[in-house]
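Below is one structure, written out as structure tokens; the observations come after it.
Any read-out appearing in this document is the output of simple, stated calculations on the displayed coordinates, not a laboratory observation. This one's a predicted model, so the numbers in the text were calculated from it and none came from an experiment. Please note: Cβ atoms are built from the backbone with ideal geometry, for glycine as well, and neighbour counts cover all protein chains shown.
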Amino acid sequence: MEFGRDDVALALEAAGFRTGLRTLVLWEGTTNYLQAEAVDGTFRFLAACLGPRSPVLFTYVHAGMLKASTDFEGGPTTLRAVRRVGEPMTFGFDPSDVPAYLENHGFDLEWDIAVSELGQRDYWDRPPSLPAYYHVAQARRR
């Protein structure tokens, strides 16, 4: 299945997915490699097929890293590395824009946190080095 090329609805239907039911969606490590249109289309698709109150957990990179408008430790190195292997990062969100973006797509943001904060919170005794530009968020279908 390739975002922006294959029909997600047909692939899910072939796998037995039933629309309208409460469903957990885990969309991890993908948005940052897509074009904005593919991210938008995916959220629109999810809003159309998921049952009310369905949670969507997703990851994204801070748009400031992609635009080089925000300095993140490790950001330039990461961008060079993924570009070198042919998988450049192409999409990100400004965290302050996420709530309105999701609202416009039929979702409510429940939480959004940089993985570096998760490391500080959950590994307070010896936090791992995690990037501040990478976020995990949970939205819920209205």
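Shape summary: region 48-109 maps onto an equivalent ellipsoid whose semi-axes, from the alpha-carbon gyration tensor, are 28, 14, 9 Å in decreasing order. Along the chain, the exposed loop sites are chymotrypsin sites (Phe, Trp or Tyr not before Pro) outside DSSP states H, G, I, E and B with at most 12 other Cβ atoms within 10 Å, and the longest stretch free of them is 1-122.
Diffusion of region 1-84 by Stokes-Einstein, at 4 °C in a medium of 1.567 mPa s and with Rh set to the Kirkwood radius over alpha-carbon pairs, works out to 88 µm²/s.
Other residues with beta-carbon under 11 Å from the beta-carbon of Asp108 carry, at +1 per Lys or Arg and -1 per Asp or Glu, a net charge of +2. Summing Lys and Arg as +1 and Asp and Glu as -1 over all other residues whose Cβ lies under 14 Å from the Cβ of Leu34 gives a net charge of -4.
Couplings for region 108-124, taken from phi via the Karplus curve 6.51 cos²θ - 1.76 cosθ + 1.60 with θ = phi - 60°, read 10, 6, 9, 6, 8, 8, 5, 5, 5, 5, 4, x, 5, 6, 8, 10, 4 Hz in order; Gly and Pro are left as x. Pick out, in residue order, every one of the GluC sites (Glu not before Pro) in region 61-142 that is DSSP loop and has at most 12 other C-beta atoms within 10 Å; say none if there are none. Within region 61-142, the qualifying GluC sites (Glu not before Pro) (loop, at most 12 other Cβ atoms within 10 Å) are Glu73. Note on the chain: the C-alpha convex hull projects to 9.4 nm² when averaged across all orientations. Extension gain for Glu37 to Val85 (0.36 nm times residue separation, less C-alpha to C-alpha distance): 15.0 nm. Secondary-structure-derived ellipticity at 222 nm for the chain, considering helices only, amounts to -10000 deg cm²/dmol, per-run term -39500 (n - 2.57) for DSSP H runs with n ≥ 4.
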